[in-house]
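Quick notes on the structure that follows.
The values are calculated or read from the model by the stated rules, or taken from the named source; none is laboratory data. From a predicted model like this one, the values you see are computed outputs, not experimental measurements. Backbone-built Cβ (ideal geometry, glycine too); neighbour counts: all protein chains shown. The area values use the complete protein model at the heavy-atom level, side chains included, leaving out ligands, DNA and RNA. Shrake-Rupley method; radii C 1.70, N 1.55, O 1.52, S 1.80 Å.
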Amino acid sequence: MTTTSNTSNTTATTATTATTSASLSRMPNPAEFVPELNDISAALFRATGNRSVPRTTMSLVHLRAGQIVHNTYLTVLNTGFLRKAGESEERITAVSSWQDAPYFTAAERAALALVEATLQPAPHGRERVSDELYAEVAEHYGEKALATLTIAIGQINFFIALAVIGKPQPVASLADAQWD
């Protein structure tokens, strides 16, 4: 009897594993059910694509956001964007430890500090984005660029929810299959 029970459990586990490994994502593509998602996504990409902030900086910020929330999909995707842009492996690898890495400009450091402050809890009784941090970021980015950087951080926050809940397949390009 024990053998039969174990065999049944093993068979059920194997079937579940096979189903899970064949799946691309935890949920189907949400845009299939809410087609307005495509319009929102396109609008966010247009808003952040105005060239007031270098695309590389945007990808560094988005990569750091993916690392902060421990999301493989966002980390792999933005690593792929940086590689396609010709960024060095040293810079890509050092994003997780940017504070003491010699590979980033002062403007990139300010942007990375801003995304960290936005995504991580503030020390008790303090603001996430302090006046000092805002002033530091504003030293490197004009009004349009600062607004664009803020929207880019909002953009990645929007996609964080889809990525951590829906768990799409990690891909290096948006052209690759991500959703069931």
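The value of relative contact order for the chain, using C-alpha pairs under 8 Å at least six residues apart, is 36 percent. Can you pull the percent of the stretch 28-81's accessible area that's carbon plus sulfur, 1.4 Å probe, other chains left in place? So the carbon and sulfur contribution to the accessible surface is 59 percent.
Modelled this way, with points 7 Å down the Cα-to-C-beta line, the labels at residue 56 and residue 93 are 1.8 nm from one another. Using C-alpha pairs under 8 Å with a sequence gap of at least 6, the mean separation divided by the residue count of the stretch 98-171 gives a relative contact order of 27 percent.
Within the stretch 100-180, what whole-number % of the accessible surface is contributed by carbon and sulfur, with the 1.4 Å probe and all protein chains included in the calculation? Before the final figure, lay out each step's value.
Details: 2510 of 4450 Å².
Roughly 57 percent of what the probe reaches on the stretch 100-180 is carbon or sulfur.
Placing pseudo-labels 7 Å out from each Cα toward the beta carbon at residue 106 and residue 164 gives an inter-label distance of 3.4 nm.
Could you work out how far the C-alpha centroid of the stretch 126-148 sits from that of the stretch 28-92, in angstrom? Comparing the Cα centres of the stretch 126-148 and the stretch 28-92, I get a distance of 21 Å.
Helix 36-48 axis versus longest C-alpha principal axis of the chain: approximately 30°, rounded to the nearest ten.
Please compute the per residue accessible area over the chain with all protein chains in place, 1.4 Å probe, rounded to a whole number of Å². Don't skip to the answer; put the middle values down first.
Working: 10350 Å² over 180 residues.
Value returned for the chain: 58 Å² of accessible area per residue.
Within 13 Å, Cβ to Cβ, of residue 76, how many net charges do the neighbouring residues add up to if Lys/Arg are +1 and Asp/Glu are -1?
Numbers: positive: 83, 84, 167; negative: 176.
Once all neighbours under 13 Å are counted, the net charge is +2.
Label-to-label distance for residue 38 and residue 124 is 5.0 nm, based on points extended 7 Å past Cα in the beta-carbon direction.
Short version: what are the Cα gyration tensor semi-axes of the chain, square root of 5 times each eigenvalue, largest first, in whole Å?
On the way: eigenvalues 271, 73, 54 Å².
In descending order, the three semi-axes are 37, 19, 16 Å.
Run the numbers on the stretch 57-96 and let me know its relative contact order in percent, using alpha-carbon pairs under 8 Å that are six or more apart. Relative contact order comes out at 42 percent. Here residue 84 sits with roughly 140 square angstrom of accessible surface, probe radius 1.4 Å.
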